[in-house]
1. Between THR113, THR101, which is over 22 Å from ASN220 (Cα atoms) and of a type in the set (Ser, Thr, Tyr)?
2. Please state which one of GLU3, GLU62, GLU22 is without any contact (Cβ under 8 Å) to a residue 40 or more places away in the chain and in a helix (DSSP H, G or I).
3. Identify, from the list ALA322, ALA313, ALA224, the residue that is in contact with a Gly (Cβ under 9 Å, 6 or more places away or on another chain) and at pLDDT 85 or above.
4. Looking at (1) at pLDDT below 95; (2) over 23 Å from MET191 (Cβ atoms), find the lone condition where GLU81 falls short.
5. Mind listing whichever residues of region 164-210 are among the charged types (D, E, K, R) and under 23 Å from the mean Cα position of the chain (by Cα)?
6. Name the helices (runs of 4 or more DSSP H) wholly inside region 142-242 in which the number of residues that are more than 23 Å from GLN336 (Cα to Cα), without any contact (Cβ under 8 Å) to a residue 24 or more places away in the chain and open to solvent by 20 Å² or more (accessible area, probe 1.4 Å) is 1 or more.
7. Filtering region 1-51 down to residues that are closer than 19 Å to PRO77 by Cα and among the small types (Gly, Ala, Ser), which residue is most open to solvent (accessible area, probe 1.4 Å)?
Amino acid sequence: MGEFQEFAEALFGQLSVELDEEKEIIELAVKANDDIANKVQFKELDEIANSVLPDFKNKVEEFLGVKVPEDIVLKFPELSELKKIKGNKVFADSESKEFVTELFNAVAKEDLTKIAQLMQQDTAKYLVYSTYAIQYISKITTTYGDYLDSVIYLNKFILSRYPQIILHKQGEPYESRFENVNSGYLGAVKMTVLEELIHSAQKNLQQVNKNAATEVNKINEELAKIILSLDTETVNKLSEYCQLQAVPDDFPFAKKANLFFFLNPDHFLIEQIGPDVMTFTHVEIDPKIGESIPELLEIYKKWLVPIQQHHAAFTAMEGMAAFAIENILKDDQDFQNYLSTFMGTDFSAYQVRKSMGKDFTKIVYEKLGKDTFKKMIEIPPNTRELKDPQLYLKKLSL
């Protein structure tokens, strides 16, 4: 258990900056609340979100020309619960789902012993899904909302604390500064509810994204099992050839883990080839590596199709949301104040921010108008079409 325990500690080492930030936010919010409580009062998050939901539901349906689910509900998880919910956003097959749930629960509780046990129980699954725990949980302080299965989750940990912290940092007199910060707070909630309502309307795109991500994870599990089954001589030879960081011989798991993280196609192909791999139909690998792991090339080839589907669907979902938010909230003063008080920017700067998905949506919208969103949801673009929207428009006209 010793090496696994050390790996569990290393996981939290990678999250240490974020965990420290969470503690700092809690401390700042308590101090801010103590100072401003008797002078001004922000409304509760759930009260604001529930009050804007019906109007924004109508705005989304009107702008997109697509229905929002009838049974949509809002939930307001605090920090620990939100971390567990993030596990549900990891799309794994039925065999791996329980493992993912247990892993995220253990990370939420900062239970090193349980994480080490899970690592020992199924090392291949740990290698694949621990990266999600780091990636998702490291973004919790910058993520305001999530959508999954007709539920919009609003990040209560952040949204209920940031307004107080921002006002407190601005300093006295709180009463005269309150209106602007409060308006920014309303803008943040409006933007988040709006974004997640848009995601809730993207039914087929959501499903394509989920299926593709699940397939990518299955392929990564397959690769992890292959690397874990390699003998010590092969692992040492490959580690040296790939110039990986030296690991003592009494840490065999760490050696294989390093090799997996290096050869994982999400890292290896994108590092070696660059983001253009998302439009490739063929890949090749270094023959020296292929000699040691004959199955590796086939795994990479198999990975290309679902990763491109996942990348395209996710980019389209995010791009559509960004384009719709920009258009629906362009004249909303609360949103303008959110940009200035929370983000330190303004609408013109927000508007010119580049994003492949938003640029694609804008070009298609100029041609198809309101039909754009229904078409994107029903017939998702592929990665080549995202780069060249004219290919997508041509496909639709056939």
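The values are calculated or read from the model by the stated rules, or taken from the named source; none is laboratory data. Predicted model, so just to flag it, every value in this text is computed and none were measured. We place every Cβ from the backbone using ideal geometry, glycine too, and count neighbours over all the protein chains shown. The protein model used for the area step is the full one, side chains on, heavy atoms only, and it has no ligands, DNA or RNA in it. Shrake-Rupley method; radii C 1.70, N 1.55, O 1.52, S 1.80 Å.
1. Details: THR101 fails: over 22 Å from ASN220 (Cα atoms).
Selected residue: THR113, the only one of THR113, THR101 that is over 22 Å from ASN220 (Cα atoms) and of a type in the set (Ser, Thr, Tyr).
2. Details: GLU3 fails: without any contact (Cβ under 8 Å) to a residue 40 or more places away in the chain; GLU22 fails: without any contact (Cβ under 8 Å) to a residue 40 or more places away in the chain.
Step by step, each of GLU3, GLU62, GLU22 is checked, and only GLU62 is without any contact (Cβ under 8 Å) to a residue 40 or more places away in the chain and in a helix (DSSP H, G or I).
3. Working: ALA313 fails: in contact with a Gly (Cβ under 9 Å, 6 or more places away or on another chain); ALA224 fails: in contact with a Gly (Cβ under 9 Å, 6 or more places away or on another chain).
Just one listed residue meets the conditions, ALA322.
4. (2)
5. Taking region 164-210 and keeping what is among the charged types (D, E, K, R), we get 169, 172, 175, 177, 179, 190, 195-196, 203, 210.
Passing the criteria: LYS190, GLU195, GLU196, LYS203, LYS210.
6. Numbers: elements: 156-159, 162-170, 174-200, 203-228, 232-241.
In region 142-242, 203-228, 232-241 are the helices (runs of 4 or more DSSP H) which contain 1 or more residues that are more than 23 Å from GLN336 (Cα to Cα), without any contact (Cβ under 8 Å) to a residue 24 or more places away in the chain and open to solvent by 20 Å² or more (accessible area, probe 1.4 Å).
7. SER51
Conditions tested, residue by residue: (1) small (Gly, Ala, Ser); (2) modelled with pLDDT under 95.
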position: ALA201; (1), (2): yes, no
position: VAL235; (1), (2): no, yes
position: LEU238; (1), (2): no, yes
position: PRO252; (1), (2): no, yes
position: ALA257; (1), (2): yes, yes
position: HIS267; (1), (2): no, yes
